[in-house]
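In what follows, a structure is listed as structure tokens, so that the remarks can point back to it.
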């Protein structure tokens, strides 16, 4: 490998790592829809140059996670109603099929159980953002039961968009509280090998979640009018 090629590879790797850091901050609820990202503060926090950060911003803007407003700066994207509907449509297709066809003794079950236990611990301490992150971990582990690296990669990106949709509610307790118990019920079905019933329950669960997110989003739009 030539020096120039090695330098380009190193630069690309850095950009990818930084982009993933920002995605994870969105997943963890640290960055919320509409939030302005300070180039100076973020480059200092991540210990990277502003040029590198601008490249990362461009990448995440193409992915629909950030938006650039001329003369105003870079903001965390706000999902549209159409994108929320599409996210849930895709979730039902992926998650329900992954669960219905999963091997009952798949090792990802352990990660699902760990996420359920983490959510209960976070709820007990009043850490509702932590509950939300545990919920993301639960659904990621669920999809991993499909044994597809391509699907895992795609769904990981979808979870970032989903967290943006959740961020619209600005009330993590209201949003996440019902799903602590619902995830536990799903977990019990999976652990007992009732995959078909678990998939059917998950479909109802996702329909319920979609209705809540859309209803809150509609109310927010009404307030702005």
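The values are calculated or read from the model by the stated rules, or taken from the named source; none is laboratory data. In this text, all values refer to a predicted model and were calculated from it rather than measured experimentally. Heads up, the Cβs are rebuilt from the backbone with ideal geometry, glycines too, and the neighbour counts pull from every protein chain shown.
Structure values in brief
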| item | result |
| --- | --- |
| Single condition residue 139 does not satisfy, out of (1) modelled with pLDDT of 95 or more; (2) over 30 Å from residue 75 (Cβ atoms) | (2) |
| Top-ranked residue of the stretch 162-178 - restricted to ones that are surrounded by fewer than 21 Cβ atoms within 10 Å (Cβ to Cβ) and touching a residue at least 60 places away in the same chain (Cβ under 8 Å), ranked as farthest from residue 126 (Cα to Cα) | 168 |
| Among residues of the stretch 21-41, those that are within 28 Å of residue 173 (Cβ to Cβ) and assigned to a helix (DSSP H, G or I), counted | 7 |
| Test: residue in the stretch 118-126 that is outside any helix (DSSP H, G or I) and in contact with a strand residue (DSSP E or B) (Cβ under 7 Å, 6 or more places away or on another chain) | no |
| For residue 104: the one exception among (1) surrounded by fewer than 14 Cβ atoms within 10 Å (Cβ to Cβ); (2) part of a helix (DSSP H, G or I); (3) at pLDDT below 95 | (2) |
| Total residues in the stretch 46-66, condition in a helix (DSSP H, G or I) and out of contact with any helix residue (DSSP H, G or I) (no Cβ under 7 Å at 6 or more places or on another chain) | 6 |
| So residue 215, is it closer than 30 Å to residue 61 by Cβ and either at pLDDT below 90 or buried (at least 21 other Cβ atoms within 10 Å of the Cβ) (or both) | yes |
| Residue 196 in a helix (DSSP H, G or I), surrounded by fewer than 14 Cβ atoms within 10 Å (Cβ to Cβ) and in contact with a helix residue (DSSP H, G or I) (Cβ under 7 Å, 6 or more places away or on another chain) | yes |
| Matching residues in the stretch 183-193 - criterion: being over 15 Å from residue 117 (Cβ atoms) and buried (at least 18 other Cβ atoms within 10 Å of the Cβ) | 189 |
| All positions within the stretch 76-92 that are under 23 Å from residue 59 (Cα atoms) and surrounded by 17 or more Cβ atoms within 10 Å (Cβ to Cβ) | 76, 77, 78, 79, 84, 87 |
| Residue within the stretch 67-76 that is assigned to a loop (DSSP other than H, G, I, E, B) and in contact (Cβ under 8 Å) with a residue 60 or more places away in the chain present | no |
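Quick grid of which residues meet (1) under 16 Å from the mean Cα position of the chain (by Cα); (2) in the same structural domain as residue 59 (by TED's automatic domain parsing); (3) outside any helix (DSSP H, G or I):
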| residue | (1), (2), (3) |
| --- | --- |
| 89 | yes, no, no |
| 93 | no, no, no |
| 130 | yes, no, no |
| 142 | yes, no, no |
| 156 | yes, no, no |
| 163 | yes, no, no |
| 170 | yes, no, yes |
